[in-house]
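Here's the structure, in structure tokens; my notes come after.
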Amino acid sequence: MVLVRIYGEKTELLINRNAELHYMQMMHEYGYSPPVFAKFNNGLCYGFAPGECVTAETVRSEPIFPLVAQMLAKMHAIRPKDEQVMESELFTTLKEWLQLVPERFDDPKKHQRYVDNIPNKVKLAEELMEMEETLQAFASPVVLCHNDLLLNNIVYNKEKSKVTFIDYEYAAYNYQAFEIANHFNEFAGVAEVDYSLYPEKEFQEKWCKEYLRQWFQVNGKDPASVTAEDVSRLCLQVAKFTPISHLFWGLWGLVQSFYSAIDFDYLGYGIIRINEYFATKELYGHLKLPA
């Protein structure tokens, strides 16, 4: 089966379409995703990934969550062929998006809702600077990331016992811990967000252990050598990157609320994510790496 996707209007403000195509082709070269057959001015033609999208229930189940963790570790192990230095694009992207956040909306009610719930752009810029300085100290590896592993972007093929990631619109080099934190945040859903679905500590530890075993293997180390300390360190890094994942999608929601013609409450979604940014920043702000 062949799929054709037409780009949404003004999505180029948020998405680098050349990078999207590049990473789709790269993932296919490694056998991790379907081929891209053609690119045209406003869309793509590519292969279908057979299976079913995971749900809030199945993403926690075996064998699916180990498969997701393992596939993500494999993706993260992909290195650029030209030996370029891998630098995170996270804060560059966030600063660009912040510039796109509107000062005001034409609709008075919408604008008032925006003013009542969202800090001004000066405050948001200060938050970005603080998070950039804080997170660099946690030394999370920079890897090739999907950056949008919500449930509908993970396809489980039961017959082949494999998962495939789809939709590489936001793929870029980023911090390993951001990717995992972002995936855990997406357990809450998008259309109806429920953060009571955020994975508990025990599940996070099991998930991170599966990830690290595969991560060790693809990097030439014995998977059996993963220690409890390795798992605890990764879980701590993931916790520290949890707030910036919320801010990432919060700013995305604000930009979309101004430019998108899709019938979705992007402003409401942005408000939810920015509120979660401040909540999780307070929750995890005290955490420090062991000496």
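Values for this structure:
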quantity	calculated
Residue match in region 43-59 (condition: over 30 Å from E210 (Cβ atoms) and touching a helix residue (DSSP H, G or I) at 6+ places or on another chain (Cβ under 9 Å))	yes
Options V190, V155: the member that is open to solvent by 40 Å² or more (accessible area, probe 1.4 Å), touching a residue at least 24 places away in the same chain (Cβ under 8 Å) and more than 11 Å from the chain's Cα centre (by Cα)	V190
Looking only at region 142-152, and only at residues there that are in contact (Cβ under 8 Å) with a residue 40 or more places away in the chain and either under 9 Å from C53 (Cα atoms) or charged (D, E, K, R) (or both), the one that is least open to solvent (accessible area, probe 1.4 Å)	L151
For I272: the one exception among (1) in contact with a helix residue (DSSP H, G or I) (Cβ under 7 Å, 6 or more places away or on another chain); (2) part of a helix (DSSP H, G or I); (3) not polar (S, T, N, Q)	(1)
The one condition in (1) of a type outside the set (G, A, S); (2) farther than 17 Å from F241 by Cβ; (3) open to solvent by 50 Å² or more (accessible area, probe 1.4 Å) that Q136 fails to fulfil	(2)
Selection count where residues are surrounded by 15 or more Cβ atoms within 10 Å (Cβ to Cβ) and farther than 22 Å from E169 by Cβ, scope region 70-109	2
Test: residue in region 251-263 that is among the small types (G, A, S), assigned to a helix (DSSP H, G or I) and within 21 Å of E89 (Cα to Cα)	yes
Residue in region 15-42 that is surrounded by the most Cβ atoms within 10 Å (Cβ to Cβ), counting only those that are aliphatic (A, V, I, L, M) and more than 17 Å from Y173 (Cβ to Cβ)	V36
Qualifying strands (runs of 3 or more DSSP E) (wholly inside region 1-93; at least 3 residues being under 16 Å from the mean Cα position of the chain (by Cα))	none
Region 221-249 residues that are touching a residue at least 24 places away in the same chain (Cβ under 8 Å), paired with ones that are among the small types (G, A, S) and outside any helix (DSSP H, G or I) (beta carbon under 7 Å, 6 or more apart)	Q237/S140; F241/S140
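The values are calculated or read from the model by the stated rules, or taken from the named source; none is laboratory data. The shown structure was predicted, so the numbers you read here are calculated from the model rather than taken from an experiment. Note that each Cβ is placed from the backbone with ideal geometry, even for glycine, and that neighbours are counted across all protein chains shown. In case anyone asks, the SASA skips ligands and DNA or RNA and just uses the protein heavy atoms, side chains included. Shrake-Rupley method; radii C 1.70, N 1.55, O 1.52, S 1.80 Å.
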